[in-house]
Amino acid sequence: MMDGFLVIDKPKGKTSFDIVADLRKILNERRIGHLGTLDPMATGVLVIAIGRATKLNEFLMIMDKEYDAEIVLGARSDTCDAEGKIDYKPEYIKAIYKEASARKEAEPDLKKVMVALEEFKGVIDQVPPQFSAIKVNGERAYHLARQGLPVRLPSRKVKISDITDIGFRVDEYGYGILLEGMEKPVMLPVVNCKIKCGSGTYIRSIARDLGEKLGCFGFLGGLRRTRVGQFDLERAVKVENVKAETVELIPLDNVLEGWARMDLNRADYDRIMRGQRIKVGGSFPGSYVSGYYEGKLVSILRYDNKLGSLKVYKNL
């Protein structure tokens, strides 16, 4: 029986569920899930929980994430990314170009872009893309959007910790879009940046909203997730390299670093397995306590300060 975490470097074009389905076949294990969806066009860190690790999903879903983003300016997309229907007009991009002079050709105003990006830092209100998995009256938003039905999603609070390593690509180094009736692609300017954010943040929405702030429209041209909590690309493997006989899983304990720990004796272990409280001396910092029996993580507990006891939150 397998228990632990695996970090996959998701390739472009596959859904997160495709990866889960592949791993279920490779590892011959049904209890497999992923911690945070990556869109098909995105690549990078996809954390996989296997066996008892799936019971810890709720604690990992809220971990901060880091991305390398490629934001295309001068066009918009109904999905807010490169896979949607692209709307382009030459006049869109003029909003971020400095005026040409006798000595200098017109060029994008990088300072204007950087000032606009600063406004995204902190806790902000963000409207998710209409092509998203959020449910509207029991129906996925993207199902409604694909039918051409109006989708109104309320804004929600998200946290953007930082936006760094901002760069600009233009002309032949930009992003090419080939539209109907055109023989050559139109090259649009691209903003590259690193984004550190909290759970629930849509990078597609940042791309859309940046374009709107600048008055030129924008969409997400590429995305690579580089970190989820403590799981980064250095620990990632390609799904085709995973073998049941040699796979090395990250132990459950690794994701609970910093938690208070309770080593249970046999009597307390039996009570915990029956869902009963156990009396303890002293107090425990933090909301949760990891319960161990004979060196093995067996339960997630919560401390009740009033009763001086530990109660079962979830047995593993």
How about the range 46-84: which of its residues are among the β-branched types (Val, Ile, Thr) and touching a strand residue (DSSP E or B) at 6+ places or on another chain (Cβ under 7 Å)?
Val47, Ile48, Ile50, Thr54, Ile71, Val72
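Just checking, which of Val247, Val239 is under 30 Å from Lys14 (Cβ atoms) and either among the aromatic types (Phe, Trp, Tyr) or touching a strand residue (DSSP E or B) at 6+ places or on another chain (Cβ under 6 Å) (or both)?
Working: Val247 fails: either among the aromatic types (Phe, Trp, Tyr) or touching a strand residue (DSSP E or B) at 6+ places or on another chain (Cβ under 6 Å) (or both).
Val239 is the lone residue from the list that is under 30 Å from Lys14 (Cβ atoms) and either among the aromatic types (Phe, Trp, Tyr) or touching a strand residue (DSSP E or B) at 6+ places or on another chain (Cβ under 6 Å) (or both).
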Pull up the range 261-285, narrow it to residues that are assigned to a strand (DSSP E or B) and of a type outside the set (A, V, I, L, M, F, W, C), then point me to the one that is modelled with the highest pLDDT.
Asp263
Specify which of the listed residues (Arg146, Arg208, Arg140) is under 24 Å from Glu58 (Cα atoms) and assigned by TED's automatic domain parsing to the domain that holds Ala95.
Arg140
Lone qualifier among Lys89, Lys111, Lys121, Lys85 - being closer than 23 Å to Asn192 by Cβ and over 20 Å from the mean Cα position of the chain (by Cα)
Lys111
Counting only residues that are among the basic types (Lys, Arg) and assigned to a strand (DSSP E or B), which one in the range 286-314 is surrounded by the fewest Cβ atoms within 10 Å (Cβ to Cβ)?
Lys296
Mind checking whether some residue in the range 236-248 is crowded, with 16+ Cβ neighbours inside 10 Å, outside the structural domain of Leu117 (by TED's automatic domain parsing) and more than 19 Å from Pro40 (Cα to Cα)?
yes
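Only one residue in Glu29, Glu58, Glu70 is in the same structural domain as Val242 (by TED's automatic domain parsing) and either among the basic types (Lys, Arg) or under 20 Å from the mean Cα position of the chain (by Cα) (or both), so which one is that?
Details: Glu29 fails: either among the basic types (Lys, Arg) or under 20 Å from the mean Cα position of the chain (by Cα) (or both); Glu70 fails: in the same structural domain as Val242 (by TED's automatic domain parsing).
After applying the criteria, what remains is Glu58.
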With the requirement that a residue be surrounded by 24 or more Cβ atoms within 10 Å (Cβ to Cβ) and touching a Lys or Arg at 6+ places or on another chain (Cβ under 8 Å), what does the range 71-80 give you?
Ser77, Cys80
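Within the group Ala82, Ala53, Ala75, which residue is over 16 Å from Ala236 (Cα atoms), touching a helix residue (DSSP H, G or I) at 6+ places or on another chain (Cβ under 9 Å) and assigned by TED's automatic domain parsing to the domain that holds Ile206?
Numbers: Ala82 fails: touching a helix residue (DSSP H, G or I) at 6+ places or on another chain (Cβ under 9 Å); Ala53 fails: assigned by TED's automatic domain parsing to the domain that holds Ile206.
Unique residue meeting the criteria: Ala75.
Yes/no per residue for (1) part of a strand (DSSP E or B); (2) touching a helix residue (DSSP H, G or I) at 6+ places or on another chain (Cβ under 9 Å); (3) of a type in the set (Asp, Glu); (4) farther than 30 Å from Ser287 by Cα:
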position: Gly13; (1), (2), (3), (4): no, no, no, yes
position: Arg24; (1), (2), (3), (4): no, no, no, yes
position: Glu29; (1), (2), (3), (4): no, yes, yes, yes
position: Thr37; (1), (2), (3), (4): no, yes, no, no
position: Pro40; (1), (2), (3), (4): no, yes, no, yes
position: Val45; (1), (2), (3), (4): yes, yes, no, no
position: Ile62; (1), (2), (3), (4): no, no, no, no
position: Ile71; (1), (2), (3), (4): yes, yes, no, yes
position: Glu91; (1), (2), (3), (4): no, no, yes, yes
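The values are calculated or read from the model by the stated rules, or taken from the named source; none is laboratory data. None of the values given here were measured: they were computed from a predicted structure. Glycine gets a Cβ as well: all are built from the backbone with ideal geometry, and neighbour counts include every protein chain shown.
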